[in-house]
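Just below is one structure, and these are the notes that go with it.
The values are calculated or read from the model by the stated rules, or taken from the named source; none is laboratory data. Only a predicted model underlies this, so the values are computations on that prediction, with no experimental measurement involved. When we count neighbours, we look across all protein chains shown, and the Cβ atoms used for this are built from the backbone with ideal geometry, even at glycine. Surface areas here come from the heavy atoms of the whole protein model, side chains and all, with no ligands, DNA or RNA. Shrake-Rupley method; radii C 1.70, N 1.55, O 1.52, S 1.80 Å.
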Amino acid sequence: MSLSKRYLAFLIMLLAILLAGCSERKLEAPVTLQGDIFGTFYQVTIADPITAERRDALEQGILDELEAVDASMSTYRDDAELVAFNKSPVDEWQTLSAPLIHVMDIARSVGEASGGAFDVTVGGLVNLWSFGPEARPEEVPSDALIEQRLAEVGMETLELDVASNRARRLKDVFVDLSGVAKGYATDRVAAYLADQGVENYLVNLGGEVKVDGHRDGADEPWRIGVEVPRNGRPQAEHVLPLEDTSVATSGDYRNYFEADGRRYSHTIDPRTGRPIQHRLASVTIIDPSNARADAWATAMTVLGEREGMTLAQRHDLAVLMLVRQGDGWQSLASPAFAAHFGQDLVDRLGIEVVKASDNASMAADEGKGKNQMASDMADA
């Protein structure tokens, strides 16, 4: 080998060593991975010491998990498994993937426990009110059309055989899992990170959050802000410390349209076929399962503060509600929420814990709030 060729080979070997050294060098923690998915964002923060090579591998794995959920449960993709199920013949059993059946089963459980406030067959009504993939104009549908679609929905129209991974529609309903799938995707990403040996992470998928370990990899808890439900720049009303749990928040203050001076929320009450109208603006649920928290947050948003808090007490749910009160906000929490975070923190944050004996007064206040909202709408 000539001297020049030996020199070139030496340079190539030296470059390879340098590149290998760079990929093995630990990155400064925390490392944040982020991007767009499901029409929203994902943000994953890892406090473990990792290399650039491991970061890239983890990011690809995260994207694979998100893509798998999207391909299964999206209502916006023609090739999605859920879209195919929605087009399947009525009253015929369809074999579905285990994840899709699992999410449908969570939806059924929360739907039954909430008295129908959470209902994944409400997709036809969501589309009718222009908040789904049907791309209808932003206008108020006629009472007759609302009643027609309302008669077609209901969780009793969806039958599951969980043991055999199959389901069937008993009516031509449009199943929409948007109130639970994002939470499930958050769980999937967190489970993937845990399987890869990551011990300290925060997964934020469009506001649904799941954490494990600590933000400094040692003893400092992760922290999330519960936003004040108002238009404009987000502002945290409360900051909550989190360890080894998940949080889902639902609110009526971001996705809506206005017609003839009235505001219509994207949250449709499956029991009435119409957008919600009450003082409850935001619900935050703490639960080990983000899919379950996601579904319950939607159900609570439909129910309102009194009915929702009654169910939170009955099912021992850790719930924080932000309720409109004049120009400000009232923060209400369930006993399970206070037990999770401790009474001292709840008191410092100015959050009122609602016990079962308080529900009667809440009912009176909620009635006044509804009357005032109806009056305001009439004036508009």
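Observations on the model:
- Yes/no for Asp244 being over 27 Å from Val323 (Cβ atoms) and assigned to a loop (DSSP other than H, G, I, E, B): yes
- Candidates Val203, Val189, Val209, Val198 - the one that is open to solvent by less than 30 Å² (accessible area, probe 1.4 Å) and under 22 Å from Thr267 (Cα atoms): Val209
- Test for Asp64: is it open to solvent by 30 Å² or more (accessible area, probe 1.4 Å), more than 21 Å from Leu205 (Cα to Cα) and either modelled with pLDDT of 95 or more or assigned to a loop (DSSP other than H, G, I, E, B) (or both): no
- Pairs, first under 15 Å from Thr245 (Cα atoms) in the range 286-315, second open to solvent by 30 Å² or more (accessible area, probe 1.4 Å) and not aliphatic (A, V, I, L, M), C-beta under 7 Å, six or more apart: Ile286/His340; Asn290/Lys210; Asp294/Lys182
- The range 208-236 residues that are at pLDDT below 95, paired with ones that are of a type in the set (A, V, I, L, M, F, W, C) and open to solvent by 20 Å² or more (accessible area, probe 1.4 Å) (beta carbon under 7 Å, 6 or more apart): Gly217/Ala29; Gly225/Ala236; Gly225/Val239; Val226/Ala236; Glu227/Ala236; Val228/Trp329
- Strands (runs of 3 or more DSSP E) within the range 105-205 that include 3 or more residues closer than 24 Å to Ala84 by Cβ: 158-161, 166-169
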